Structures are given as C-alpha cells and as structure tokens.
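Contents: one structure, followed by commentary.
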Amino acid sequence: MPFNTISVVGLGYIGLPTAAVFASRKKQVIGVDVNQNAVDIINRGQIHIVEPDLDMVVHAAVTEGYLRATTRPEPADAFLIAVPTPFKGDHEPDLGYIESASKSIAPVLKKGDLVILESTSPVGATEQMAAWLAEARPDLSFPQTHGESSDIRIAHCPERVLPGHVLHELVQNDRVIGGMTPKCSALAISLYKIFVQGECIVTNARTAEMCKLTENSSRDVNIAFANELSIICDKLDINVWELIRLANRHPRVNILQPGPGVGGHCIAVDPWFIVSKTPDEARLIRTAREVNDSKPEWVLDKVKIAVAELLQKNPLKTAYEVTIACFGLAFKPDIDDLRESPAVSITLNIAACHPGRVLAVEPHIEKLPAKLTNQLTLSSIDHALPEADIIVLLVDHKFFKEISLEQLEGRKIIDTRGIWNS
Ligand code: SAJ
C-alpha cells in the first residue's frame, strides 16, 4: 500500500472527519491547520466543530496515536487539501486559502506524492493549484507538463457529505475522482478505497469541479422554485404545502420545500462559482440565487404586516407591547449550527426594527454565540409560547413539530416551513 502517511490540510468540517476516518483505518495522519487553537484542541483528543459522533472518532484516533495535528506541514505520501473557498467582492471565488495551503505543502513534497484538492472549487482551480505547486518546486515534475510520467500526481475529489451525517456519508457516498491524468485518478482511488465503501467514479479534474458545483446548484434551483411558489401562493391565497404535496403525487414531479431562505456554507455559495465563470450563460442559476437570497426580506415584510394588523385590531396596544417569538435559529432542522443561517438574519432584523420584545427560541443551544448576545434574548419554548403575540416559525425542528395547535391558539403565526400551517 503506497500510503503510509496521509496529511490533511484544513481541519474543518470536512478535513477533520476525513483525517479521523483515515486514522480509524490505522493510517498515520498528520492534520495541518493554521488555527493554533484548533490544533491544540485536536491534540487533546477533542474537537472544535459540531458533528455527531466526531468527538469519539477523533478522541480514539489521537489517543491511539494515529492522528496528530500541527500548524506546519510535514512530509507525507498523500496530501488532501480541504480549506474554505468563500467568495469575495461581487461573488467572485476566493482561492486565497487554496493558494496558501498549496504553497505551504510545496516545500515538503517528494517524488511519488499525491495531492488532492477536496475543497469545493470553481472550474480550473485544480490546474491553478498544480501551477502554484510547480512554481514553488521547479525540481519536481507535474502532470500539466509531464503527463503520466510526472513526479507528483494531482486530482480533484470534491467532498459531498451532508453536515450532520458526515461520518456516515464519508464512507457510504459515491466519490467523483477527477485526476489530471488517468494515473492520477488511479492513485486517488487507491487512497479513497482505504475507507470509501461507495463507488469511486473517474472523470477529469474540470468535470469533477463542475460536478460538485452542479449538485449544489441543482438543489439551489429546486429550492428557489419552491420558494417562488410559496410567494405566488401567498398572493393567490393557496396553501403552498398542500399544493406541493398534491403536485408531488405526480410520478415525475418532486418539488422541494419552501423556507425562509437558503443557509449553510455550500448551497448559497457554490452556484456563484458557476455564475462568475459564465455570467451570460448562467441565467437560471443566478436567478435562483437571487430568489433564495431575497426570501428573508419577504419574511420580514410578513412580520411587519402582522404587527400592523395586530395593532389595527387592538387600537389600545402599542408596538412596544407586542412580543414576537422567533422559533429556530439554526440553518436547517435538528442541528445546532447557526452559521450562515437565514433564521438568524431574520431574527436579528426583526429585533432591529421592532420596538417590543423579540424572543429567540433555539432548543439546540444553551447560550447564544457571543456576537448575538447583545442583540437577542434566548428563550425556551415553554416561556415563549404564552408570552408571544406573534410567532415566526423559521426552522422545522422536531421540537417545534411537537407543539400542539391548542398551544398556538390566539397567536398570530407566520410559518415559513409549513409545519403548523399545513
Ligand atoms: N432547504 C430548503 N428546502 C429544502 C431543502 C433545503 O429550504 O427542501 C434549505 C435548508 O433549510 C438549508 C439549506 O437549504 O438552509 C441547505 O441545506 P441542505 O440540507 O440542502 O444542504 P447542506 O448545505 O447542509 O449540504 C449540501 C449538500 N448538497 C446537496 O444535497 C446537493 C451536501 O451533500 C454537500 O456536501 C454540502 O452541501 C456541501 O458541503 O457542499
């Protein structure tokens, strides 16, 4: 087996589980991250991110001596780069993290090494990474110039795991392997076969890049369709949840669910990588992004209208006396991840423009993150239900589905997920 030591660069939501799973297969894994705090936490056998069961796997990997974290890259037989690829400016992909990760591993590369880019990337990023590596190591040969006889093998193998199910999906999902040459792909497959039980399917690097972007854009476009339907149905006085249930009875129709907007770090970002490369052609993909991005504003307008209607019905009441409870802050159901969450942005906007009390109900967290504590009050379901005049349901957590319609009686409900309105 050619891989005695594997290095994973970027110990975040993808890199850390990947490193831990290699280690659980008794490979020597060197995790590299620029964040000293994360490195220290991992070396204590703990984790700095939220993902079910990951703590146990990392703890075992570190205590058994298979996983070690460091801020400085060390020699290895394979390098997996799993760093963020955010966008900057007008939704232009920012390859800065890939650039610095590749420049940091370049000095320790040796003949025969495999370098894999796992980060979700715009088309051409793998070739760009190969160019940065070649520039830093003129003494080694690379696939872009030496093809199958290169010293270094390079591939793009995008991650496709669902947050909350990462450990299961890492092993079970099929994997798209985009080598810069067939030999690069073959070596990448032998690396992933250490733990992947799904199929490893070979293509080239550009197709692999586009495949990952296509998967998330497909989901984004489909959610945008559902979100647009919800706005149309609101105008036409039709229950969109019932409508979608009925339409989905057709054997070839499968409409997704509307919500308050699209959150997370992937689906709201990746389609822009296609748009920025082909702005004139990617019209539907751009529009879907715009539809989904504008949904929080629409929900906010609904809340303002609800407050106005309530005051009209109760002329003796003032807006200061109206309590609004926002149910859910996470970016999707049954998780505690608040990052890039439309529910958080809607709740913050309500708190900023409503003079009365705004209660944030998120049963998955015990306290608010520091940056929200000044602006929001965290409340329990039991406290918020009797206090609220208006309830804005933002996340379809199981906890909220258990609330009975009697408990909601007398409250004005804005249900963006259709768990009560359906
Ligand atoms: N959402 C809706 N309606 C739906 C489905 C989702 O409004 O019917 C919203 C969710 O509430 C959430 C957002 O979309 O705010 C994204 O959630 P998600 O569960 O669709 O996806 P993510 O961001 O957790 O993970 C996605 C996955 N991609 C696909 O399913 C195509 C995952 O497999 C990827 O690995 C991940 O992005 C990634 O890292 O790219």
Just the Cα atoms of segment 5-198: what Rg and Dmax do they give in Å? 15.7, 46
Relative contact order (%) - segment 5-198, alpha-carbon pairs under 8 angstrom, separation at least six: 19 percent
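So if I place +1 on the C-beta of Lys and Arg and -1 on the C-beta of Asp and Glu, and nothing else carries charge, what would the dipole magnitude of the chain be about its Cα centre? I want it in debye, nearest 20. Present the calculation step by step, with values, prior to reporting the outcome.
Working: 42 positive and 53 negative charges, 87 e Å.
The calculation lands at about 420 debye.
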Placing +1 at every Lys and Arg Cβ and -1 at every Asp and Glu Cβ, with all other atoms neutral, what dipole size does segment 29-81 have around its Cα centre, in debye to the nearest 20? 180 debye
For Thr18, what charge total do you get from the other residues with a beta carbon under 9 Å from its beta carbon, if Lys and Arg give +1 and Asp and Glu give -1? -2
Length released on extending from Thr5 to Lys183, taking residue separation times 0.36 nm less the Cα-Cα span: 62.1 nm
With a 1.4 Å probe and all protein chains left in place, how much accessible area per residue does segment 237-415 have, in Å²? 53 Å²
Filtering GluC sites (Glu not before Pro) in segment 162-231 by DSSP loop and by at most 16 other Cβ atoms within 10 Å leaves Glu199
For segment 136-203 and segment 387-422, what is the centre-to-centre distance using only Cα atoms, to the nearest Å? 46 Å
Might you report the magnitude of the Cβ-based charge dipole of segment 5-198 about its Cα centre, with Lys and Arg at +1 and Asp and Glu at -1, to the nearest 20 debye? 560 debye
Net charge near His397: determine it from the other residues with C-beta under 14 Å of the C-beta of His397, scoring Lys and Arg +1 and Asp and Glu -1. -3
Amide H contacts under 5 Å for Phe87, restricted to residues at least 5 apart in sequence or on another chain and with H modeled in the peptide plane, are Asp94
Note on the chain: contact order normalised by length, alpha-carbon pairs under 8 Å, 6 or more apart, percent, works out to 11 percent
Overall dimensions of the chain by Cα: Rg and Dmax, Å: 24.1, 82
In nanometres, what is the gap between the two model label sites at Val171 and Glu290, each 7 Å from Cα along Cα-to-Cβ? 4.6 nm
What's the tally of Lys pairs in segment 5-198 whose alpha-carbon atoms lie under 16 angstrom apart, where the two lysines are 8 or more places apart or on different chains? 4
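Counting only DSSP beta bridges with both residues in the chain, tell me the antiparallel percent, nearest 5.
Bridges in the chain are about 10 percent antiparallel.
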In segment 237-415, what is the volume of the convex hull around the alpha carbon atoms, normalised per residue and reported in Å³? 152 Å³
With only helices counted (DSSP H, runs n ≥ 4, each -39500 (n - 2.57)), the per-residue ellipticity at 222 nm for the chain, to the nearest 500, works out to -13000 deg cm²/dmol
In segment 5-198, taking the dipole from +1 charges on Lys and Arg beta carbons and -1 charges on Asp and Glu beta carbons about the Cα centre, the listed residue (Val161, Val34, Ala76) farthest towards the positive end is Ala76
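The values are calculated or read from the model by the stated rules, or taken from the named source; none is laboratory data. What you see is a predicted model, and the numbers here were worked out from it, not measured in a lab. Neighbour counts run over all protein chains shown; Cβ positions are idealised from the backbone, glycine included. For accessibility, only protein heavy atoms count, side chains too; no ligands or nucleic acids. Shrake-Rupley method; radii C 1.70, N 1.55, O 1.52, S 1.80 Å.
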